[in-house]
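Take a look at the structure set out below.
The values are calculated or read from the model by the stated rules, or taken from the named source; none is laboratory data. Remember, predicted model here, so these are calculated numbers, not experimental data. Quick reminder, even Gly has a Cβ in these numbers, built from the backbone with ideal geometry, and neighbours come from all protein chains shown.
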Amino acid sequence: MEHESSPRTQRISDSNIGWPSDWSARISGDACSLCEAGRPDDDGFGIRIFEGQYADAYLQRARVQKGYTKVIWRGRHVVEPTDLSDEESAGYWREVLLVARALQRYYQPLKMNYETLGNVEPHLHTHLVPRYVRDPAAGQPFPVPIDVDDLPAIPEDELRQEAFALRSKLDQIRSR
């Protein structure tokens, strides 16, 4: 039987067109911007609305979709959910769902999307994307642009008001 190498141990070469040349360093954590960032209240892309044992959640500045939030694993560098222990996995997903509940209660979307990709930054994180009646791709995956930095930002005062309201929702949910 032929042995196949794990995709995470494969090296980037000319035959891996499309993957960044530093992909191996990103996978290993040596070039992981999410690990380097630490746990700031504001990471430049969003404002932290949740600080948990396993994850932090950031309401995003880019006007991708109302309530678009990233939940980021906090701990050692982890690429895939399968890299977590059972306890870590349960804790991470419990915190992801806690944040999703707050988003649902505040924004009241028709549907929530949960996207755990890591194709740009291979550090475990989950995109929470509320879906609404007036949706750019109703009934299909949400078309999150690759470079959200080019999108207009939510006005800072509006972002901060929503972050405050979401923190309050999270506190209400946790106190039950």
Quickly run through the range 107-134 and pick out the residues that are touching a residue at least 24 places away in the same chain (Cβ under 8 Å) and touching a Ser or Thr at 6+ places or on another chain (Cβ under 9 Å). GLU115, THR116, GLU121, HIS123, LEU124, HIS125, THR126, HIS127, LEU128, VAL129, PRO130
Reported set for the range 79-97 where residues are surrounded by fewer than 18 Cβ atoms within 10 Å (Cβ to Cβ), farther than 21 Å from TRP23 by Cβ and not small (Gly, Ala, Ser) is ASP86, GLU87, ARG94, LEU97
Of all residues making up the range 48-67, the number that are surrounded by fewer than 24 Cβ atoms within 10 Å (Cβ to Cβ), in a strand (DSSP E or B) and among the charged types (D, E, K, R): 2
Among ALA138, ALA165, which is over 20 Å from GLY52 (Cα atoms), among the small types (Gly, Ala, Ser) and surrounded by 11 or more Cβ atoms within 10 Å (Cβ to Cβ)? ALA138
Can you find a residue in the range 99-112 that is under 12 Å from the mean Cα position of the chain (by Cα) and modelled with pLDDT of 95 or more? yes
Which condition number does ALA100 fail, the rest of (1) part of a loop (DSSP other than H, G, I, E, B); (2) in contact (Cβ under 8 Å) with a residue 12 or more places away in the chain being met? (1)
Would you confirm whether any residue within the range 68-81 is within 26 Å of LEU166 (Cα to Cα), out of contact with any His (no Cβ under 9 Å at 6 or more places or on another chain), part of a helix (DSSP H, G or I) and modelled with pLDDT of 90 or more? yes
Name the pairs: first residue in the range 28-52 and on the phi > 0 side of the Ramachandran plot, second residue in a loop (DSSP other than H, G, I, E, B) and at pLDDT 95 or above, Cβ to Cβ under 7 Å, at least 6 apart or on different chains? GLY29/HIS77
So, in the range 120-138, of the ones that are touching a strand residue (DSSP E or B) at 6+ places or on another chain (Cβ under 6 Å) and either of a type in the set (A, V, I, L, M, F, W, C) or assigned to a loop (DSSP other than H, G, I, E, B) (or both), which residue ends up nearest to TYR92 (Cα to Cα)? LEU124
Show the residue pairs that are 6+ apart or on different chains and have beta-carbon atoms under 7 Å apart, the first residue being within the range 135-163 and over 21 Å from ALA102 (Cβ atoms), the second being surrounded by 10 or more Cβ atoms within 10 Å (Cβ to Cβ) and among the charged types (D, E, K, R). LEU151/ARG63; PRO152/ARG63; ALA153/ARG61; ALA153/ARG63
